[in-house]
Amino acid sequence: MGRISDSDRVRNEDAIRAAMVRLLRGELPPGGKCDLKTLARESGVTRTGFYPKKNRDGTTRPGPYQHLAEEFERRLTALRQAGEIVDPRAAQIERLKAQIAELKDRVATRDEALAELTAFKTLAVSRIAAQHSEIEQLREQTVALGNVRRLPAARGGTAPYGPCS
């Protein structure tokens with residue numbers, strides 16, 4: 001790839017700045033994110049221009065648009081720190097993460113309640129079984145002793161002393 005003229009470089013920098021403003025405003029293209037790849041695609045320059053280059057002797061030099069990439073990252077970080085989420089997908093991800101955390105808390109709370117209710121049910125059933133066993137044992141004792149009489153059955157469904165109302 002050959003060198004570009006100063007006028008082409010200025011035109012590319014203007015295109016990058018215009019694309020940067022659009023992306024930071026939240027005007028993302030379909031399938032794009034708020035990142036350097038989308039910035040390069042929207043401005044019509046190659047992405048490699050945003051990264052440092054190596055000279056033949058092994059030393060590094062800045063890429064032709066590296067200063068704009070750093071400015072973009074700085075502005076994007078400032079927006080994020082201010083609480084503004086430029087990328088709607090990132091906002092959706094944050095919203096879904098919060099929703100997942102809330103649902104996990106709700107499931108944990110329901111699991112605790114279910115465990116408590118299961119323990120209560122087990123205790124109640126065991127108490128009922130113990131009471132039933134005791135009643136059966138008392139009935140057997142009364143039959144064995146033979147000194148217990150049965151009370152007469154209720155008559156006709158009326159109270160012995162008149163209505164209860």
task = Taking L68 as the residue in question, decide whether it is surrounded by 10 or more Cβ atoms within 10 Å (Cβ to Cβ) and closer than 30 Å to N12 by Cα.
result = yes
remark   = Note on the range 73-91: residues in contact with a Cys (Cβ under 7 Å, 6 or more places away or on another chain) and modelled with pLDDT of 85 or more are L76
task = Please determine, by comparing only the residues of the range 1-21 that are of a type in the set (K, R) and modelled with pLDDT of 90 or more, which one is least open to solvent (accessible area, probe 1.4 Å).
result = R17
inquiry  = surrounded by 13 or more Cβ atoms within 10 Å (Cβ to Cβ) and not in a helix (DSSP H, G or I): is that true of L39 in this structure?
reply    = no
ask   = How about the range 101-152: which of its residues are open to solvent by 90 Å² or more (accessible area, probe 1.4 Å) and either touching a residue at least 12 places away in the same chain (Cβ under 8 Å) or not in a helix (DSSP H, G or I) (or both)?
value = N147, V148, R149, R150, L151, P152
key: Residues of the range 10-29 satisfying the condition of being over 11 Å from P88 (Cα atoms) and not in a helix (DSSP H, G or I)   = P29
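The values are calculated or read from the model by the stated rules, or taken from the named source; none is laboratory data. Small disclaimer: the values here were computed from a predicted structure and weren't measured. Methodologically, a virtual Cβ is constructed for each residue, glycine included, from the backbone with ideal geometry; neighbour enumeration extends over all protein chains shown. Accessible surface is based on the protein model in full, side chains and every heavy atom, while ligands, DNA and RNA are left aside. Shrake-Rupley method; radii C 1.70, N 1.55, O 1.52, S 1.80 Å.
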